[in-house]
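The values are calculated or read from the model by the stated rules, or taken from the named source; none is laboratory data. Keep in mind that this is a model prediction, so the values were computed, not measured. Here Cβ is always computed from backbone atoms with ideal geometry, including for glycine, and neighbour counts include all displayed protein chains. What goes into the accessible areas is simple: the full protein's heavy atoms, side chains included, and nothing from ligands, DNA or RNA. Shrake-Rupley method; radii C 1.70, N 1.55, O 1.52, S 1.80 Å.
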Amino acid sequence: MPNYSYQLVTLLSVVVSKPSSSFTYSFGGVNDRSSLIHHHTSKQYIEPLRVSTFANVSSKNNVHNSFFRLRKDLPLSQSTQTEIETDTDTETDGKLKTTITSDDEEFEVIDGVICARGVCVLAEDESPEICMLDEDLNEIVCQTKDEPSVQPGLSVAYLWPRALLLVCSVLYGTNFPLGRLMNDSLPASAATSTRMLLASVALAPFLFQLKPKLRNTAMLCGTFTALGYISQSIALVDTPAATVSFLGALVVIVCPALAVLVDKKKMGFRDAPQTWISATLCLIGVGLLELAGDGGFGLGDVGWGDFWSVLQAVGFGTSFFITERMMAKEPTQALPITAAQCAVSALLSALWALLDGSGAMDGMFAFGPHGSWLFDDSINSRFTLPGLFLDVDYRMVAAAAAFTGFITTAANRVGETVALGKLSSSEASVLLATEPLWAALFANYLIGEQLGASDAVGGAIIVVACVCTAIDPVWLREKLGIQYESNS
């Protein structure tokens, strides 16, 4: 796993009414993020900060309201050790670009970002907040704008990005019943391979825009993404679509666990009360889903499908964890990174289909009744492309494959990146947290699945757990009366 705690300097812009104005940076010590920016008439100033080691910081095209914190534990006063140059050349995208160069690393920071569920994009003018990496460059923190350009209300400018992201969440929810529908007619490996191949074709133009320095990390991330999609497909062979979706929401536990294991982040109740509340609710919901069956509480209803559903959350959660850190540093690479993830997923699912269809290792990779289908001339053409789309008996299955590949995997990510930059991270997280509810509704409508009372209650609690992750920890500490002093 790559180390995301870079020993780097990060310094972003002050905002001045005239882009051509010159800037003076001085260095000292500031520990409180809220004191970094002060508004004075039309200008913003940065309090004295401390930066690390030898660095050259070049900033272009200064624009509004954005900043990144610096590490507090790497003191260096302004001297010949640090050279900072600022020019105002206009970038084609109209955003500030800051290049950070130290002894062994170089990367660019572009304005602010908005992040939700593993996706980060450039913050637009309409966004009510700007998010940025913290002083360790491994966690995203957000700053609310004093005067957002779009005020809350019933205006089209305010409503359309929220409506678009809600539509994305609805479409994501259709993946589960449609996946179950495809698995009823196709081998799970063939269904997944077809879906990911179509999504990769749709996103192929973005793949060639991926920056070379991101390729290895994007491939690693794609491997975990593939684990999520493959595990999801296997789970949908014999597990209700709604249950698979609800258990997939366990990413709200996976991501904080990775933050502790990888970033050594402090995650006590005082540090992140919203995470503990979310995790507790999630475990209660999972308990109701898995243990409270028709025959009462017990382990009798727990099966392999539940294991694969949880593994799905591990795959997607790890993918979100890596992707968010990549995109926070390179928000213009959201779609190229997504294209790389889909390409790796398509490759690995095709390998799975080959092993499954050939009956390798005595059918170890087979999940379903189809056997060595690649060697059966009566069915192999309809299970693969382009035969799937040519067989009149498989039109519904082909439509489901095309819809999940082109629409809910490829087009949905494009729509998500368009909408996300105009919202706050908390708003986006809440809207996307409704996905399991839509999955349950579509499972009932499309394939006639019925949720029991305990399943419905457990699923609702899991959705509430997902929403709780968007709660501001500072606000929650105040409401719970928690005294807290950050060491950062």
_Can you give me the long-range amide H partners of residue 116? Hydrogens built in the peptide plane at 1.01 Å from N, cutoff under 5 Å, separation of 5 or more residues or another chain._
none
*Please turn the phi angles of region 368-383 into ³J(HN,Hα) values with the Karplus equation 6.51 cos²θ - 1.76 cosθ + 1.60 (θ = phi - 60°), one per residue in order, whole Hz, x for glycine and proline.*
x, x, 8, x, 7, 6, 5, 9, 9, 5, 7, 10, 5, 5, 7, 8
*asked:* Per 0.36 nm of contour for each residue apart, how much would the distance between residue 396 and residue 364 grow if the chain were fully extended, relative to their Cα-Cα spacing?
replied: 8.6 nm
*Give me the distance in nm between label points sitting 7 Å out from Cα along the Cα-to-Cβ direction at residue 446 and residue 270, one decimal.*
4.8 nm
*asked:* Modelling each spin label as a point 7 Å along the Cα-to-Cβ direction, I'd like the residue 144/residue 166 distance in nm, to one decimal.
replied: 2.2 nm
*Starting from the Cα-Cα distance between residue 474 and residue 155, subtract it from 0.36 nm times their residue separation and give me the gain in nm to one decimal.*
111.8 nm
*Phi-based couplings in Hz for region 166-174 (Karplus 6.51, -1.76, 1.60; Gly and Pro marked x)*: 5, 4, 4, 5, 4, 5, 4, x, 6
*Roughly how many Å is it from the Cα centre of region 411-447 to that of region 186-256, as a whole number?*
16 Å
*Please list the non-local residues whose amide H lies under 5 Å from the amide H of residue 129, H modeled 1.01 Å from N, same-chain partners needing a gap of 5 or more.*
145
*Over region 302-438, give the accessible area per residue in Å² for a 1.4 Å probe, as an integer.*
39 Å²
*Over 26 Å between Cα atoms, which of 422/479; 264/329; 145/329; 266/329 qualify?*
422/479
*How much length is gained if the chain between residue 414 and residue 304 is pulled fully straight, taking 0.36 nm per residue apart and subtracting their Cα-Cα distance, in nm to one decimal?*
36.2 nm
*Under the Karplus curve 6.51 cos²θ - 1.76 cosθ + 1.60, θ = phi - 60°, whole-Hz ³J(HN,Hα) for region 246-258, x wherever Gly or Pro sits*: 4, 5, x, 5, 5, 4, 5, 9, 4, 4, x, 4, 5
*With labels modelled as points extended 7 Å from the Cα through the Cβ direction, what inter-label distance (nm, one decimal) is found for residue 201 paired with residue 378?*
2.9 nm
